[in-house]
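One structure below.
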Amino acid sequence: MKLHLLAILACPVCQGDLVYESLPEHPHEDDEIGEGMLQCSACKAPYPIMDGVPRLRPEDGNPDARVAKTRESFGFEWHRYPGPRPEDRGLFLEETQLAEDALEGKIVLDAGCGMGRYTHVALSLGGEVVSLDLSESLTRLIPEMIENPKLHVVQGDLLRPPFKPGSFDVIYSQGVIHHTADTRGAFDRIADLVKRDGFLSVWVYGTPGSYASFKTNPLKSTRAWLKAILPLVWLVVWARQIFSDAVRVFTTRLPVRVLYALCYPLTVLGAIPLLKYMTFSVEPEFQVRLIENFDWLAPPFQTKHTKEEVGGWFASAGYEVLSRLAHGVVPKIGALGVRRSKPGEK
Ligand SMILES: [Zn+2]
């Protein structure tokens, strides 16, 4: 951890300033801290710095077993995900809808970084990136953090983000907050971390909603014949969601290793034409498809939202929506917004 990061860190419990205490057995060199302690100047809560990562997850934690399971399942899957891939850059720009130069020289938060797939892209686009995650998967970013002075890795919870309001020029959170215990709460908390006139890009899982809403989706990259049978598509998407919710009642309760093993046959099915649409990933690469099937079936929390809902979140947090991400078939609903209110204001 770089000492200058303290300027934007805050106690996740009370938002007090954090103070660094060096450990006699681990003196730090210049700006870089490998092992040490942070303490809240207000509530005195202690937070360790381990392997250069400030662990800003309160010890008392959340007693909800589903939160522990969420941490475990994402830690498990991101440790098995392949490294960064060339297509990540295009996917990042498409999903966040950020311009290629939007991160240049900016302080950026990767809110829910996983193993850092998009952190690598954000760094390559010139951002100084703070990568936050609850699970241990973020340890995969430690070797790069040691090499790259523009990367900071922080462990923490999106429902209690350990940063001061208005700390970031750009925040993106891609497919993350619907896996927290309170999707809207997580949105509001990260929305307040953006500076005035800064950008926020978020996507969450979509639900088809009413047909009136569904038919106004842009249906980008959807073929003309699909548009011609749109009511049927809407019904199929709904049926698929009901089926998947029913399956998840069981799969979210399985031990992660058992579920991962069960995902193998499903992933083999994913290579077969037509049958692949009965699975939860049609990714060409086997290992990625395996992780995506697991990713769909494992996390205890998985909320789904309409574009009207997500647009409402942006508006009530003081944002103007610049562009929307909405697929009628692929269940991703998101937006890019610019903050018009001051931090602390709505
Ligand atoms: Zn505190």
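Quick look at the values:
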read-out: Residue selected from segment 157-209 under the condition of a type in the set (Gly, Ala, Ser) and more than 20 Å from Val130 (Cα to Cα), by the criterion surrounded by the most Cβ atoms within 10 Å (Cβ to Cβ); value: Gly206
read-out: Options Pro165, Pro208, Pro161: the member that is in contact with a helix residue (DSSP H, G or I) (Cβ under 6 Å, 6 or more places away or on another chain), modelled with pLDDT of 95 or more and assigned by TED's automatic domain parsing to the domain that holds Ser73; value: Pro161
read-out: Flag for Arg253 being under 28 Å from Asp64 (Cβ atoms), of a type in the set (Lys, Arg) and at pLDDT 90 or above; value: yes
read-out: Every pair of residues 6+ apart whose Cβ atoms lie under 7 Å, when the first sits in segment 100-111 and is more than 9 Å from Ala122 (Cβ to Cβ) while the second is surrounded by fewer than 19 Cβ atoms within 10 Å (Cβ to Cβ) and hydrophobic (A, V, I, L, M, F, W, C); value: Glu100/Leu93
read-out: Boolean, Asp169 is among the acidic types (Asp, Glu) and within 22 Å of Glu35 (Cβ to Cβ); value: no
read-out: Residue that is surrounded by the fewest Cβ atoms within 10 Å (Cβ to Cβ), among those in segment 257-273 that are of a type in the set (Gly, Ala, Ser) and more than 14 Å from Phe76 (Cα to Cα); value: Ala271
read-out: Condition check for Ala99: surrounded by fewer than 21 Cβ atoms within 10 Å (Cβ to Cβ), of a type in the set (A, V, I, L, M, F, W, C) and either more than 30 Å from Leu259 (Cα to Cα) or away from the ligand (no atom under 16 Å from the Cβ) (or both); value: yes
read-out: Restricting segment 313-346 to residues that are at pLDDT below 85 and more than 16 Å from Thr96 (Cβ to Cβ), the residue that is surrounded by the fewest Cβ atoms within 10 Å (Cβ to Cβ); value: Gly344
read-out: Residues that are over 22 Å from the mean Cα position of the chain (by Cα) and either part of a helix (DSSP H, G or I) or without any contact (Cβ under 8 Å) to a residue 12 or more places away in the chain (or both), drawn from segment 260-272; value: Ala261, Leu262, Cys263, Tyr264, Pro265, Leu266, Thr267, Val268, Leu269, Ile272
read-out: Filtered residues of segment 293-346 (kept if of a type in the set (Asp, Glu) and either part of a helix (DSSP H, G or I) or within 16 Å of the chain's Cα centre (by Cα) (or both)); value: Asp295, Glu308, Glu309
read-out: Selection count where residues are under 16 Å from Ser131 (Cα atoms) and at pLDDT below 90, scope segment 84-113; value: 1
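The values are calculated or read from the model by the stated rules, or taken from the named source; none is laboratory data. All of these numbers come straight from a predicted model, not from anything done at the bench. Glycine gets a Cβ as well: all are built from the backbone with ideal geometry, and neighbour counts include every protein chain shown.
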